[in-house]
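Written below as structure tokens is the structure these notes are about.
The values are calculated or read from the model by the stated rules, or taken from the named source; none is laboratory data. None of the values given here were measured: they were computed from a predicted structure. Cβ atoms come from the backbone with ideal geometry, glycine included; neighbour counts cover every protein chain shown.
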Amino acid sequence: MTRIAKAWPFSKVLYALVLIGGVASGGPLEFGARAFAQNIKPEPMPLPPSEFPTPSADLEALIAANNVAALRKHAWLLWSGLTADSSQSFNGQVLPIWETWLSEEETFSPVNQLAAAAAAPRPRILRPFAPPRQFQHGTSALAKALVARTDPKLRLKAFVKMSPESASFLAASHETPAKSGQSYSYISASDLAQLNAALDQSNTAVKDRKIIDFPAAATDLKMIFLPVKPSGLSAIPIWNGAADSIDPTQPTSDTWKTCVAVDPTNSRTGTASINCNGQQVQAEIVPLKAFYSVQIDAAEAATINSLSKLGGAAAVEAGDFQTLVAMHVTTKEIANWTWATFWWQNGKNPPNDFPGSVADMPDAYKVKGPWRNYAMCISNSMVVPATDPKGKPVVCFNPYLETNQADGLNSNCMSCHAMARLPQTGPGPYPETYLPNGFVDLADPKIFGGATKTDFVWSIPIAAH
Ligand code: HEC
């Protein structure tokens with residue numbers, strides 16, 4: 001139900017305060033700190049209305065025809081918009097559009113509602129780096145997931161960003177179902193529980209047990225980073241197929257045998273001997289500028305480590321460059337969202353173009369500089385043909401992310417996200433009926449009976465509070 005004032009748990013209030021003021025670990029609130037007081041405003045995708053959002057009928061026609069090249073071009077178009085320069089800078093660096101967007105923490109914090117109400121600008125934490133939550137499959141609580149680890153996999157850092165359209169949608173309450181006379185906030189766990197109870201009471205058909213749809217321009221991202229030291233060479237593992245892993249069935253990036261040696265001075269060439277996941281290998285030297293990266297200052301590192309409870313090997317270190325190795329992109333341009341994922345591949349194609357490639361990338365005016373070094377795959381349907389429950393599963397995964405999951409090498413973004421619902425069953429964010437790929441029937445009572453679907457957005461059941 002709609003309410004203005006809510007009782008927020010103490011920890012959430014603290015988090016909100018941190019979002020407002022910025023905080024140094026153990027220290028006082030730093031209200032004028034350069035890194036946090038700057039008011040970066042989210043900027044929309046800088047693509048003309050004729051290009052974005054693409055009408056769903058156009059995309060559905062391409063999907064029905066399985067026109068992979070045209071659908072890949074569409075994903076690169078999104079990439080060109082996301083990676084274009086925004087009008088704002090941070091710590092002397094022009095921000096790409098996606099950096100200006102609200103993080104999941106900001107979107108789901110009560111501050112988002114208050115800020116929307118007051119239309120007041122507020123300081124930001126642009127990069128709430130934390131260990132990827134997907135790697136916490138099976139743990140009992142998200143809090144546990146964020147506790148410091150020494151697992152080398154947890155050198156990987158992740159965060160989720162939401163476009164202005166996505167974040168505003170979540171900041172508002174929505175009449176659900178349409179014309180029911182009852183409105184709910186989808187960032188409130190108690191509202192969502194009440195919505196679910198109302199769907200029970202009205203005996204709503206399983207296919208209609210859902211929140212209302214996000215707007216067409218809604219876009220959600222998940223970013224993945226690895227650190228590069230400010231001096232010397234740092235090893236970054238690169239995907240060279242599952243066979244290039246010491247664990248080909250579960251080839252997470254900490255098992256890959258190929259690395260590049262990243263040079264923060266952007267001056268060295270050739271090869272160098274470097275420790276790559278525990279093995280000494282001869283690696284190609286690549287300049288840091290071949291990646292998108294951000295250098296973390298002391299205040300930012302302290303805030304991130306305190307917010308995400310990072311310690312030991314998992315802590316973010318001041319002076320390190322956090323280097324973008326992967327990005328998930330999803331847009332509500334079609335009912336089941338478009339799905340694409342990008343990962344750093346040094347501008348080349350992986351063996352057998354699996355799970356994707358740099359093919360169909362537009363010219364250097366559209367996709368600039370380091371952004372050209374990322375390969376990509378798409379899954380705009382669960383199966384082919386798209387509407388045939390017995391169709392062939394479409395496989396698309398990010399080598400830095402889904403390789404951590406059971407059968408991740410056969411996974412499909414849309415199938416897993418179709419499962420997003422609450423209440424949750426099972427211990428973690430993953431449903432017990434977890435399918436890595438294949439057709440998911442949104443009217444299946446075995447999966448969705450008694451639940452509320454959250455329009456393919458996993459953040460809602462996980463981050464609503
Ligand atoms: C096996 C299940 C699974 C698969 C496969 C999967 N995801 Fe997710 N995804 C999740 C879960 C759970 C979350 C929320 C927790 C988190 O952020 O890790 C999530 C979060 C996201 C988010 C942030 C917004 C949201 O919905 O919460 C994006 C964007 C995203 N995934 C895109 C993708 C893309 C693109 C692919 C395919 C390349 C993909 N996902 C594959 C389970 C999955």
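A few notes on this one:
- Cβ separations smaller than 8 Å between residues 6+ apart or across chains give the following pairs from region 440-465 residues that are more than 19 Å from E333 (Cα to Cα) and at pLDDT below 95 to residues that are among the small types (G, A, S) and within 8 Å of the ligand (Cβ to nearest atom): V440/S415; P461/A420.
- Residue selected from region 217-248 under the condition in a loop (DSSP other than H, G, I, E, B) and within 16 Å of the ligand (Cβ to nearest atom), by the criterion farthest from W337 (Cα to Cα): W239
- D363 on the phi < 0 side of the Ramachandran plot and of a type in the set (D, E): yes
- All conditions in (1) in contact with a strand residue (DSSP E or B) (Cβ under 8 Å, 6 or more places away or on another chain); (2) more than 16 Å from the ligand (Cβ to nearest atom) hold for N352, with the sole exception of (1).
- Any hit, region 238-257, residues being surrounded by 23 or more Cβ atoms within 10 Å (Cβ to Cβ), in contact (Cβ under 8 Å) with a residue 40 or more places away in the chain and touching a Cys at 6+ places or on another chain (Cβ under 7 Å): yes
- Residue list for region 384-407, filter: surrounded by fewer than 23 Cβ atoms within 10 Å (Cβ to Cβ) and either within 9 Å of the ligand (Cβ to nearest atom) or part of a loop (DSSP other than H, G, I, E, B) (or both): P385, A386, T387, D388, P389, K390, G391, V395, C396, Q405, A406, D407
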